[in-house]
Amino acid sequence: MIRLLARLPLTAYLTVALILGSTGGLITYVQHGVTQVQRGLPVEVVRQQRDVAVLVHDLSALVRSLESARQQPPESRSLEEARYQLLRARIIVDQVRHTYNLDNLVGASAVHAALHPVLVDLERWLSNGVHGAAPESDLVVDLALLRADNALSRVGALFEQSNAAALELLTDQETELDSFQTGFLAVAVALALLALGLAVFVIRQRVTEQAANRAQRQLMLAVATMPVGVALFDGDRRLLACNSRYRDLWGFSDAQAKPGTPLPRLAQTYADIEGMTQEEADAFLKRREQLHSLQQDTVRREVRRDGRVIAIHHHCMADGSAVATYEDVTERTAAERALRAAKEDAELANRAKSEFLANMSHELRTPLNAIIGFSEVMSHEAFGPLQKRYKGYARDILASGRHLLSLISDILDLSKVEAGQRELLEERIEFDELISDTLRLISERGEFNRARVSIAQADEIPAVWADRRALVQILLNLLSNALKFSDADTTVTIYATLDAAGRPRLSVADRGIGIAPEEIGKVMQPFTQLESAHARRYQGTGLGLTIARNLAELHGGDLTIESTLGEGTVITLSLPAGRALAAATAPAAATATAGPA
């Protein structure tokens, strides 16, 4: 630095001294001018003007509140907003009185004298009334409105006086500011010219070169210590610089990867190290040249003969050069392959299970249907009377068979959906018919308590284009869950509506035990049953909601759950808006009772 300063000419030092002196004079002039302007500014008047403007706003809000209250009937009239605005105005008046000590008509004394008695009276009237009249009465409100309006007029006059005084003082300052601006510009221009002259002497090639060399040394030191390989190529695909990690990853020596080496020579050197054939070497060179010719950021991987995997991140720059980073990702690649293989094996096993269960549908259901049929014949004594004990056995066999068939049907239905064997037989479906069919099935099952089922539908409910059996099964599963976890004499409600996006929605709401927030995600999982006293009273596979969700997704819809523990649950089926057909008038409400007739 000392040697650099010694090379500067004498004129540079004289210019610096002149600039410093001019700068000091300019600072003194600016400080003096700013002081004069500050002394002449009507700060006190402007502050009062601001506070009076706030008071005008608050009084206007108070008048509007009283006018709004006046339009309401006395028996339902509320003065809370007016009292709030009155409190704000009193606070501002008190602050003005304590802040300023002026005694002129525009000052704080005038504002306080004009408003304080008014605000005190208004506060007393709106709190206690006037001469026995209640604060909410028309008499009190009219009186308060008149008093507040008069006060607003007086404060408005004070505000106009404040504006006139501030304008007069500011006009006086305008002339002084113009003079100050002219002098400041003259000195600033002179100072800028001197600074420009000094810049000509200071900006030297020597300074630029030293700064560039220092930055280059710092950059190369940082690149050399990076844990990944780094190489910089110019627009002609020649190596400009690289670090030791780059040479280690590709097996280059310092002489083989020195600056100025063309990219084709580097590729050929690597091919010789790997023992590639000429075709393999040409293919490798072609891949590397493609990285440069694409003129965009790319990521590729190269596998060496020893099994190592090198990830190449190639970044192109505007001048045609490119920087590339190289990272050994062998272990990461092996872990990714193992994870992908494990995922594929798990999916294959799950698909095989689902396909097996789907194909076993007939083999599992046929024997159960025979057991159920024969036991039903025996329980009804179709071919003659049975002993009481045998008749009881037949009924137990029938109940157990039906329960087992229900469980197997749930498992097989889920397996068919997962195996992709569930096809939709779509048709036009009216919501009221869908709900009626489902309620009839619930009544025939006779396994739940006599909870009331209320149906609440919008005035215009569109028909939907969907699979009837699938929608009946969805609604049946939702109702079964709602009834199962609801106590007797409670109400389960079915809502049929359209949302804002035009999507048909079918919701089932109960007042049962509810679901904890952390367990809502679990109930959608197959074979999941929440551990509670209610859940342990009933048997099942825990597949009802899973099947309902899968069938909803087959239609392009979804199933959502909203629940509060101890208060109840709402489960909603939403179908795409495209499945809504022409609207059909539906009853506004209906009521049914689930349970045996």
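Remark: pairs (first residue in the stretch 137-148, crowded, with 18+ Cβ neighbours inside 10 Å; second residue at pLDDT 75 or above and part of a loop (DSSP other than H, G, I, E, B); Cβ separation under 6 Å; 6+ apart in sequence or on different chains) = VAL140/GLY129.
Listed here are the residues, each with its yes/no results for (1) farther than 21 Å from VAL230 by Cα; (2) at pLDDT below 85.
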site	(1), (2)
ALA283	yes, no
LEU291	no, yes
GLU302	no, yes
ARG305	yes, yes
ARG308	no, no
ALA322	no, no
GLU336	yes, no
GLU347	yes, yes
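For the stretch 371-409, a residue qualifies if it is of a type in the set (Val, Ile, Thr) and either surrounded by fewer than 14 Cβ atoms within 10 Å (Cβ to Cβ) or not in a helix (DSSP H, G or I) (or both), and exactly one does: VAL377.
Only a single item in (1) within 27 Å of LEU554 (Cα to Cα); (2) charged (D, E, K, R); (3) modelled with pLDDT under 75 is not met by ARG450, and it is number (1).
Being among the hydrophobic types (A, V, I, L, M, F, W, C) and in contact with a Gly (Cβ under 9 Å, 6 or more places away or on another chain) is a condition met by at least one residue of the stretch 322-333.
Scanning the stretch 487-527 for residues that are in contact with a helix residue (DSSP H, G or I) (Cβ under 7 Å, 6 or more places away or on another chain), under 23 Å from LEU434 (Cα atoms) and buried (at least 16 other Cβ atoms within 10 Å of the Cβ) yields VAL492, ILE494, ALA496, ARG503, PRO504, LEU506, VAL508, ASP510.
Would the stretch 524-544 turn up any residue that is within 28 Å of the chain's Cα centre (by Cα) and at pLDDT below 85? Yes: the stretch 524-544 contains one or more residues that are within 28 Å of the chain's Cα centre (by Cα) and at pLDDT below 85. Considering (1) open to solvent by less than 30 Å² (accessible area, probe 1.4 Å); (2) out of contact with any strand residue (DSSP E or B) (no Cβ under 7 Å at 6 or more places or on another chain), the lone condition that ALA482 does not fulfil carries the number (2).
For the condition open to solvent by 20 Å² or more (accessible area, probe 1.4 Å) and modelled with pLDDT of 70 or more, LEU476 qualifies.
Return yes or no: is LEU551 farther than 14 Å from ASN481 by Cβ, at pLDDT below 90, outside any strand (DSSP E or B) and open to solvent by less than 20 Å² (accessible area, probe 1.4 Å)?
yes
The values are calculated or read from the model by the stated rules, or taken from the named source; none is laboratory data. For clarity, every value in this text was computed on a predicted model and none was experimentally measured. For neighbour counting, all protein chains shown are included, and Cβ atoms are generated from backbone atoms with ideal geometry for every residue, glycine included. For accessibility, only protein heavy atoms count, side chains too; no ligands or nucleic acids. Shrake-Rupley method; radii C 1.70, N 1.55, O 1.52, S 1.80 Å.
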